[in-house]
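Encoded as structure tokens, the structure appears first; notes follow it.
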Amino acid sequence: MKIGVFLLIEPFASVEVQLQRAKSMGFDCADITDTNSGGSMLATAGFSPTVSLDDNPFEVKRLFEQYGIQPSTVCAHAGLLEPSNPATYATAEIMKAIRFAAAIGIRDVVTTDMDPKSTWAKNLSYAEQVFVVAEKLVAPVAMAADYGVRVLLEPHGPVTGSIRGLQDVMDRLGSPESLGINLDTGNAWLGGADPVEMATVLKDKIHHVHWKDLDEQWESKRGTVFGCGFSTIALGDGVIDIKGVCDVLKNRDIKSSTLEIIGDEDMLRRSVEYLHECGVKSSATAPAPV
């Protein structure tokens, strides 16, 4: 399992600057972390690390190759619980992400439901939530199968944040091979699930991992918040049983994983070393001490 990094290392910087930083720290794979349809004003000005899904994917691939970094997934996190709206990132963008990924040989596109924001979404029953999420994914999952791509659900919302929710959405869609899971250790724990149990129950569908650890200050928010974006501590320094997850997944055929950690190079280095100690094999070197 390769250990990569999220390309949000340098604030207000382009994808190329993020790649430069990742390469300098010894990483050789990374997620295409932020994506958008059309053009982005800030990205055009070089102040945002977003990739346009309407760009030529081969140009993006060449940019990654320039720094010796392999793109591991395309992130397409969506508002799957929200009413359908051209202004809301959802089905259309996920389908664009699938085409983008397939064109340059990326196997996995990661998406999720996220916290409901509208009154309509907040008032959905559990059964309605599952239906709404599944309905928005019917066409993307079918397209992914044709393109040889997988759509991976990440724990990041009231449905995906539980083992039951992930299972119910997958069952509603018929559990095809083109649908799997990206286990986010921090989000799963924060949403109230046990990441080790989630890994154990769903291990056959887990194809990528986002590594986060959280400190005890998050305990009071557990079960009420479904995603935190990043960890601010090194793996092994918090309350999440990262080693337990590693024990379940370390012998699975999972090609890559990603550190979702905001911090200095030493924090990232210690996180890589901790995963190595937990038995996660990686071809990448840990970032050099600073």
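Checking Cβ-Cβ separations below 4.7 Å across the chain identifies Cys29, Cys75, Cys228 as cysteines lacking any candidate disulfide partner. Close amide H partners of Asp184, meaning residues 5 or more places away or on another chain with modelled amide H under 5 Å apart, are His210. For the range 131-290, the Kirkwood hydrodynamic radius from C-alpha pairs, put into Stokes-Einstein at 10 °C and a viscosity of 1.306 mPa s, yields a diffusion coefficient of 98 µm² per second. The dipole here belongs to the range 120-216: it is taken about the Cα centre, uses +1 on the Cβ of Lys and Arg and -1 on the Cβ of Asp and Glu, and is about 260 debye. Here the residues Ser256, Ser118, ranked from fewest to most Cβ neighbours within 10 Å of their Cβ, fall in the order Ser118, Ser256. Peptide packing: for 124-130, 261-267, 214-220, the average count of neighbouring Cβ atoms within 10 Å per residue gives the ranking 261-267, 124-130, 214-220, highest mean first. Charged side chains reduced to their Cβ positions (Lys and Arg at +1, Asp and Glu at -1) give the range 2-277 a dipole of some 480 debye around its Cα centre. Once backbone amide H atoms are built at 1.01 Å from N, Gly4 has Ser257, Thr258, Leu259 as its partners under 5 Å, excluding neighbours fewer than 5 places away on the same chain. Computed about the Cα centre, the dipole magnitude for the range 1-78 is approximately 200 debye when only Lys and Arg (+1) and Asp and Glu (-1) carry charge, each at its Cβ. Measuring from centroid to centroid over Cα atoms, what is the spacing of the range 238-276 and the range 57-104 in Å? Rounded to whole Å, the Cα centres lie 24 Å apart.
A P(r) calculated from all alpha carbon pairs of the range 199-279, with 10 Å bins opening at zero, reads 17, 49, 32, 2 percent.
The numbers here are math on the coordinates, done by the rules we state, and not lab data. Note that this is a predicted model, so its numbers are computed, not measured. Cβ coordinates were reconstructed from backbone atoms using ideal geometry, including for glycine residues, and neighbour counts include every protein chain displayed.
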